[in-house]
Amino acid sequence: MLQSDLYKTRSLAVRRAPVIVAIALFMPRVVLPTASHLALPVHALQPARRDMSFLGFLLALPRKLLNPMVDVPPSVARPLTKWADGMKPPKAAEWFVDCFRMRMHDDAAWAKSKYHKFYSRSPLATLRDFLIFCNLATDRGVVPKNLPWSVVLDKADETLSIPFAKRNAEVKYGEEYVFAELQGGRSLRATGTAVYGCWFREFWPSAVQFKEINRAFPNDASLFDDRARFARVGVIKWWKQLHESLEKQFKKRGRQ
């Protein structure tokens with residue numbers, strides 16, 4: 001019986017090993033739970049240290065205990081506008097757009113385009129996703145008071161149709177580390193998580209709040225019928241101009 005149990009335990013460790021390795025590669029600085037947390041033998045997983053901090057406790061909580069539309073994920077610092085500290089408004093506007101672009105790429109790459117389908121959607125759908133992002137950011141207190149929406153839309157016009165992966169972020173801004181805000185830095189992924197209220201691999205669009213906001217932003221030309229949808233994130237004229245520009249860009253790049 002002892003040998004049989006040992007064999008089963010080792011088999012479990014082998015089956016879970018690829019998952020552990022994948023997590024370690026994707027987020028190399030995240031402290032992995034201890035062996036007892038994963039019900040693995042001590043020799044199957046040797047964490048660098050035990051994380052007994054409050055952050056470590058939150059990371060170990062079952063997902064169902066965290067409400068993604070209310071609770072701020074533990075990788076996001078407070079206040080939620082901390083990402084803009086030390087940035088001039090034009091640079092903050094560009095960074096804000098890049099935050100959306102990277103989230104689009106992450107959703108397409110890691111969630112199999114379940115949420116945004118950035119690489120195959122129309123100019124209107126891309127603009128609608130960005131409009132929802134901007135309104136959510138405003139609702140959740142992620143937007144600093146001095147963020148110039150005219151500059152945000154100008155930067156969106158320049159870059160919104162161009163993919164932006166983590167490697168692009170690292171070239172442009174240096175290391176992209178989701179827990180950087182907790183160390184006094186900033187992270188595109190952490191800010192995107194603060195806006196949407198969840199990590200990009202979680203199945204949050206089934207939440208009632210997300211369905212409600214999707215109904216509030218039609219996915220056809222009637223999106224422009226209500227000026228109130230644009231009132232807090234610029235003016236409707238700027239958004240119409242952005243849509244016209246995206247249509248031209250999509251045609252130029254053969255995406256329409």
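Report every pair of residues separated by at least 6 positions or lying on different chains whose Cβ atoms are under 8 Å apart, first residue within segment 119-140 and assigned by TED's automatic domain parsing to the domain that holds residue 247, second in a helix (DSSP H, G or I) and polar (S, T, N, Q). Sorted first by the residue in segment 119-140, then by its partner, the pairs are 123/249; 132/214. Annotation note: Cβ proximity below 6 Å between a residue of segment 235-246 that is more than 15 Å from residue 161 (Cα to Cα) and at pLDDT 95 or above and a residue that is of a type in the set (Lys, Arg) and assigned to a helix (DSSP H, G or I) (sequence gap 6+ or interchain) occurs for 236/227.
Working only within segment 177-198, note down all residues that are among the hydroxyl-bearing types (Ser, Thr, Tyr), outside any helix (DSSP H, G or I) and modelled with pLDDT of 85 or more.
Taking segment 177-198 as the starting set, the residues that turn out to be among the hydroxyl-bearing types (Ser, Thr, Tyr) are 177, 187, 191, 193, 196.
With outside any helix (DSSP H, G or I) added as a condition, the list becomes 177, 187.
Across segment 177-198, the qualifying residue is only 187.
One line per residue, one yes/no per condition, for (1) modelled with pLDDT under 85; (2) of a type in the set (D, E, K, R); (3) more than 17 Å from residue 198 (Cβ to Cβ):
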| position | (1), (2), (3) |
| --- | --- |
| 88 | no, yes, yes |
| 95 | no, no, yes |
| 102 | no, no, no |
| 107 | yes, yes, no |
| 110 | yes, no, no |
| 114 | yes, yes, no |
| 117 | yes, yes, yes |
| 122 | no, no, yes |
| 127 | no, no, yes |
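The values are calculated or read from the model by the stated rules, or taken from the named source; none is laboratory data. This is a predicted model, so every value here is computed, not measured. Glycine gets a Cβ as well: all are built from the backbone with ideal geometry, and neighbour counts include every protein chain shown.
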